[in-house]
Each structure stands twice: as structure tokens, then as C-alpha cells.
Amino acid sequence: MTNSAGAHAPSGGGAPAVVDPRRGASALRYGVGMFGTSLPINMFRAYMTIYYVDELGLDTYWYGIVMVAYAIIDAVDNPVFGYLTDRTRSRWGRRKPWLVVGAPVLALALVVFFSPPENASDVVILVWFAVFAIGMETVDSLINASYGALLPEMFPGERERAKANAVRQAFQLAAMVIGIALTPIVVDLLGYATTAIVYGVVAAAVILWSALGAKENPAVQTEPGPRIWDSVKVIFSTAKFWAVAITGGLYAGATGLIIAAIPFLAEYTLVLAAWQTSVLFASVLLVAVACLPLWTAVVRRRGALWTWQWALVAFAVAMLPMLLARDFVVAVVCGIVIGVGYSGVLATADLVVAKLLDEDTLRTGVHREGMFLAAIGFFNRLNGLVRGAAFVLAGALFGFRSGDNPGDRPDQAGLFLAVVAPAAFLALAAIAARFVRFDDDVTPPDIDAVIAAERMDEQR
């Protein structure tokens, strides 16, 4: 076996001791962590635009400019965090220290973002938005680089990994129900700042509880850390990495735009009350939760890759009926249809990425999950660029500039932002996913045991 990233076989004559990373690992305790990681970022992504553009009067032109900078910075810092977590060696493991440190910082960032100075000038609002939007997304990158890398390490077999992923996706959807669907109602009662405090405290507590129960693989601690330039070379020379990353970036752009634009669709196209907007969001998210076991069953029968590819097609097609929605009831029915397709991608996307990480570890003998996830995250994090470009384009096409200056066709702008543009990105994602192929659809139950056996054979 060729180790292209500089990992060395142990100098002793016997196989290295390999500790099963699954020992004591709890899918429930790991999975609930995604509730904590998802709650703040979903409130942030869903309501940062409507709050700053519609309520505080930030111009969509400046919003778009900030989002371009935000996307570039966020995409660049992702690989840095991935490299740092891969290289970390501590008695707590590689990922746990970053989660423990990052959780309270994430909560603080959310609170500050939704607490701008009262009666601030347009310039102050712009600067506050730029600084703390970028800060919020930076901390989220650190949290997710660490949390996401735990999935393939703690749950190496595909069946147990599918179960753990279904649990964490269910908790993510629960966080989305609260952070997106219920937030309009909560904000009406508490205001944005107090809502952010509540969400932040709950999220930090959940992340800390999940992180402290994480069972990392102690054997990895004795390995040399991956070399950055060797890892960059290996990652970027892997053809299927590009197909997975581009697909993920298009999907993230679509979902990020949907979440940010549905409040505009609700206000300007459908003319909904706050509670109706919550029900619309909930129609998508609750159906997605309900369908997770069904999609997980399909994964067990047909494999993660096949299910993922067709789930993207289903999601893209499911967006189309919303073009006909002009009232609350029809919109909710369309939301239910969207939830079915959305659930399929949630149930499978991380499994495909984990399989990509498995292949790299088996091929090179190096654990660089953080860098691989960060490299894929680079594309996913460009969804801010997509959102910014879409809002700038909506301003150019429909005259929508802000809540103070919505133009004469804000209903069409809402439809474009929430339905047309996301559906186009999902269609492109479904096409890109067809270029992903794996050499072997079966993941070994214990990758580290396989690597240890191969190294022992090399020494003989």
C-alpha cells in the first residue's frame, strides 16, 4: 500500500494495537450534537437577510457585496480549520477540544449579530452586518469541521453510519423546525436579540454535552499528522472529490437560498402572517423528518450513492409545483412535496462524503477527514456567494432593493429567489452527482484494522 501523504509504518515487528472506534460510541449522543450545531446557524441564515434588509433597511446591493466577501473568507478558513483539527493531538482527542472551545463562542456570535446598536446609521448597520456575519460563519466553520469529521471515525461501518446519520439528521431537522419554522412566532414574542440568547445558550449546552461523550479513535493519536501540501495534492488529484464537492456546493447554494428567501416569498408573494410562514416551513421540515426512515431503508437496499443521486433528482422536481402557489393552502401542499425530496438528500449526502473519506484512508493509510471535509466545505460555503448574487440579480430584474424600497414587482422577486433559482441549482447538482463512482460499494467494518494488517504484511 502506498502512503502518499507521508504516514510511516510503525517500527516494531508486530501489528500496531488498533482500538475499535465504535466501542462505547452512542449514535444518540453524537446525533443530538447536530441539534446544537444547527439551531444557531439556521436562525442566522434564515433571518439575517429579512432582518437586515427588510427591517433595518440594508440595501440589497451592499448586502450582495458583503455576501461575496463573506463567502470567500468562509471558504478559505474552512480548509484551515480542517487542517488544524487533523493535526491536533491532545488527551481529549483531535476534534473534542475545538468543539468545547467553539460552542460558547458560537452562542456569543449569534447574540451579537442580532443585537445591533439602536438608531444606528446606515454605515454602522452595514459594518455591523459585515463584521458579525463573517464572524458567525467563521465559528460555524470551526464547529462543523470538528463535528462532521467524527461521523466516519466513530461509526466506520455503513449500516451503523447510516443509523447514526439518520439520528443526527433528525436532530438537525428538529433544530430547523425551531430555528426556521418557529422563529417568526418566537421573535414576535421575544424579539430577535432575546431569541438569539435563548437559542445560543441551548445550542452551546447541547454541543458541549455531545462533544464530551464523543469516542474518538485513540490509535490515530499516535500517527503523525497529515502533511498539508501532500494532503492538498492528494485531495485535489482525486477525481471523484471534484464531482462530490461541486454537487455539494450546488446543493448548499440551493438550500441556503431557499431558507433565506422563503420569508420574502411568504411576505411578498403569498402575503402570509407570521404563523402561516411558520406552518409553511414546518410542512417541509416535519415531512422531511418523517421520511428519513424511508430513505434510510432505501440506502440499506440500494446503497448510499444510488439513493443520493436519485434523491437530488426528486428534490429538484419537487420544487416545481411551488411555482403555482399563490395562497397558503397550496403553498403548504407544495411544501410537503418539497420535504420528501429534501429528506432524501439529507439522509444520504453525508454518507457519500464519508465513503469518499473511507477510500482515501484505505488507499493512503492517512486520517485526514478534517481536511477532506474542509475541502468539500469550501464549495458548500460558497452558498453565501450564491445568495448574494441571487439577491443582486433580483434587484436588477425586479427592482427589489430593500424593505423600504421593494420595487413594483416584489412578488415576482420572491418567487425567483425561493423557487426558480434554487430549482436550477438543484438540477445542476443532480447532473453533477452522476459523475460520482466508487470502486467498491462495501466499506470494511474496521478501516484501521485493514490498514494495520496491510502494514504488517509490508514489514514481512
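Computed quantities for the displayed model
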read-out: Projected-area average for segment 28-459 over all orientations - Cα convex hull basis, square nanometres; value: 19.2
read-out: Stretchable slack from ALA120 to ASP408, in nm (0.36 nm times residue separation minus alpha-carbon distance); value: 100.9 nm
read-out: Cleavage-rule hits, trypsin sites (Lys or Arg not before Pro), segment 88-193, DSSP coil, Cβ neighbours within 10 Å at most 11; value: ARG91
read-out: Under 30 Å from LYS233, Cα to Cα: lysines that are on another chain or at least 8 residues apart; value: LYS96, LYS215, LYS355
read-out: Dipole axis of the chain (+1 Lys, Arg; -1 Asp, Glu on Cβ), positive-most option in VAL271, ASN144, PHE416; value: ASN144
read-out: Gain upon complete extension [GLU160, ARG301; 0.36 nm per residue less C-alpha separation]; value: 49.3 nm
read-out: Net lengthening on full extension, ALA396/TRP229 (0.36 nm per residue, minus Cα-Cα); value: 55.9 nm
read-out: Cα-projected label distance for PHE438 with GLU55, points at 7 Å along beta-carbon direction, nm; value: 4.3
read-out: Spin-label model distance (nm) - ARG89 vs ARG363, 7 Å beyond Cα toward Cβ; value: 2.6
read-out: Of the DSSP H helices in the chain, those whose Cα atoms cover at least 20 Å axially and whose Kyte score averages -0.5 or more; value: 27-49, 60-87, 96-113, 122-154, 192-212, 239-264, 274-302, 304-319, 328-364, 383-398
read-out: Euclidean distance between Cα centres, segment 273-296 to segment 132-206, Å; value: 16
read-out: Simple spin-label estimate for VAL100 and ALA193 in nanometres, 7 Å along Cα-Cβ; value: 3.3
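The numbers here are math on the coordinates, done by the rules we state, and not lab data. Note that the coordinates shown come from a computational prediction; the quantities given were computed from them, not determined experimentally. Note: ideal-geometry Cβ built from the backbone for every residue, glycine included; neighbour counts use all protein chains shown.
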